[in-house]
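Novice: Before I ask anything, here is the structure I am working with.
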Amino acid sequence: MDFSFIPIILSLKVAFAAVIIVTCTSIPLAGLMAKREFLGKDVVESIITLPLVLPPSVIGFMLLFVFGKNGPIGKLLEQWFHTRIVFTLAGAVVAAAVVALPLMYQSVKVAMENVDPNLEKAARTLGAKELRIFFTITLPLAWNGIVAGLVLAFARSLGEFGATLMIAGNIPGKTQTMPLAIYFANESGDTRQASILVIIMTVFSFMVIYGLNRWGKGSQKDRKGGGDHA
């Protein structure tokens, strides 16, 4: 059988879209959880990080329940916008975003917690508003954690399988991402297609991890160099 690049293209589309959603969601969440104390904070944080420990099939079932034809959000989308999430590429994006969110969130939250609070306090004494402090001090100083979270979230989105299969299905050319294509190509005996996709995903994952480690070491050297110079 001829090799198809469509699963690769679909996977990249899903991963990029999921990362955009995860970034817009995790940064304000991490900022809130890192800088504020409120009743039920531990419960909220547990819910955010729950996809890290739940099996993908369980996450997929939950998403199917929420976004299905009779689900609370699925029914509203059908009635108000005449659209659906289940068995579409949008469903794959939702699944990827849900499983990638905890990785991005944890990375950004740790980075924000490590920002020197004295710098933020100094900005407040000079009359800076909280929003300005967040965008001009907290975010820039947490940049390393944000970049690390982006890379990990992208890689996780690219490799999502279980939840995607349940909510988006395996529709060739429409929702069949690389992990799904590998599984079903192997099931059907198309080892050539499966092998090529496995090699591509393995090489890409290695490059992501290697690049992130190298970038992290470079950032540490830069900080040490700046500190020594000071």
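The values are calculated or read from the model by the stated rules, or taken from the named source; none is laboratory data. Predicted model, so just to flag it, every value in this text is computed and none were measured. Methodologically, a virtual Cβ is constructed for each residue, glycine included, from the backbone with ideal geometry; neighbour enumeration extends over all protein chains shown. The protein model used for the area step is the full one, side chains on, heavy atoms only, and it has no ligands, DNA or RNA in it. Shrake-Rupley method; radii C 1.70, N 1.55, O 1.52, S 1.80 Å.
Novice: Mind telling me which of Gln193, Gln106, Gln176 comes out most flexible in a GNM of the chain, alpha-carbon contacts under 10 Å?
Specialist: Of Gln193, Gln106, Gln176, the Gaussian network model singles out Gln193 as fluctuating most.
Novice: What FRET efficiency do you get for Asn118 and Phe65 if R0 is 45 Å and r is their Cβ-Cβ distance, rounded to the nearest 0.05?
Specialist: 0.45
Novice: Still on this structure: Which of Trp80, Trp143, Trp215 moves the most in a Gaussian network model of the chain with Cα springs under 10 Å?
Specialist: Comparing Trp80, Trp143, Trp215 in a Gaussian network model of the chain, the most mobile one is Trp80.
Novice: Over the Cα atoms of segment 101-203, what is the Rg over Rh ratio if Rh follows Kirkwood?
Specialist: Value, to two decimals: 1.26.
Novice: Same structure again: Please give the net charge around Asn70, taking every other residue with its beta carbon less than 15 angstrom from that of Asn70, where Lys and Arg add +1 and Asp and Glu add -1.
Specialist: Counting the neighbours of Asn70, the net charge comes to +2.
Novice: Translational diffusion coefficient, Stokes-Einstein: compute it for segment 1-58 using the Kirkwood radius over C-alpha pairs as Rh, at 37 °C and 0.692 mPa s, and state it as an integer in µm² s⁻¹.
Specialist: Here the translational diffusion coefficient equals 230 µm²/s.
Novice: Test of understanding: express the Cα radius of gyration of segment 14-91 as a ratio to 2.2 N^0.38 Å, with N the residue count.
Specialist: Rg over 2.2 N^0.38 Å, computed on Cα atoms: 1.30.
Novice: Toward the positive end of the charge dipole of the chain, about the Cα centre and with charges on Cβ (Lys, Arg +1; Asp, Glu -1), which of Ile48, Thr191, Phe5 goes farthest?
Specialist: Of the options given, the answer is Ile48.
Novice: So what's the back-of-envelope 222 nm ellipticity for the chain, counting only DSSP H runs of four-plus at -39500 (n - 2.57) apiece and dividing by all residues, rounded to 500?
Specialist: Calculated mean residue ellipticity at 222 nm is -23500 deg cm²/dmol.
Novice: Could you order Thr164, Thr25 so the one with the most accessible surface comes first? Probe is 1.4 Å.
Specialist: Ranked list, largest accessible area first: Thr25, Thr164.
Novice: Name the most mobile residue of Ser57, Ser188, Ser26, meaning the one with the largest mean-square fluctuation, in a Gaussian network model of the chain with Cα contacts below 10 Å.
Specialist: Ranking Ser57, Ser188, Ser26 by mean-square fluctuation puts Ser188 first.
Novice: May I have the pair-distance distribution P(r) for segment 74-138, computed from all Cα-Cα distances with 10 Å bins from 0 and rounded to whole percent?
Specialist: Over segment 74-138, the share of Cα pairs per 10 Å bin runs 18, 26, 19, 22, 15, 1 percent.
Novice: Among the lysines, select those whose C-alpha is under 29 Å from the C-alpha of Lys129, and discard any that sit fewer than 8 residues away in the same chain.
Specialist: Partners within reach: Lys35, Lys41, Lys109, Lys121.
Novice: Another question, then. Per the Debye formula with a single identical scatterer at each Cα and no solvent contribution, what log10 I(q)/I(0) holds for the chain at q = 0.10, 0.15, 0.16 Å⁻¹?
Specialist: The calculated log intensity ratios at q = 0.10, 0.15, 0.16 Å⁻¹ are -0.57, -1.06, -1.14.
Novice: Would you mind calculating the gained length between Leu39 and Tyr183 on full extension (0.36 nm times residue separation, minus the Cα-Cα distance), in nm to one decimal?
Specialist: Stretched out fully, the Leu39 to Tyr183 stretch lengthens by 47.4 nm.
Novice: Still on this structure: Can you give me the Kirkwood hydrodynamic radius for segment 1-130, using every pair of distinct Cα atoms, in Å to one decimal?
Specialist: Kirkwood hydrodynamic radius for segment 1-130: 17.2 Å.
Novice: What whole number of Å gives the distance from the Cα centroid of segment 141-161 to the Cα centroid of segment 44-117?
Specialist: The two parts, judged by their Cα centres, are 16 Å apart.
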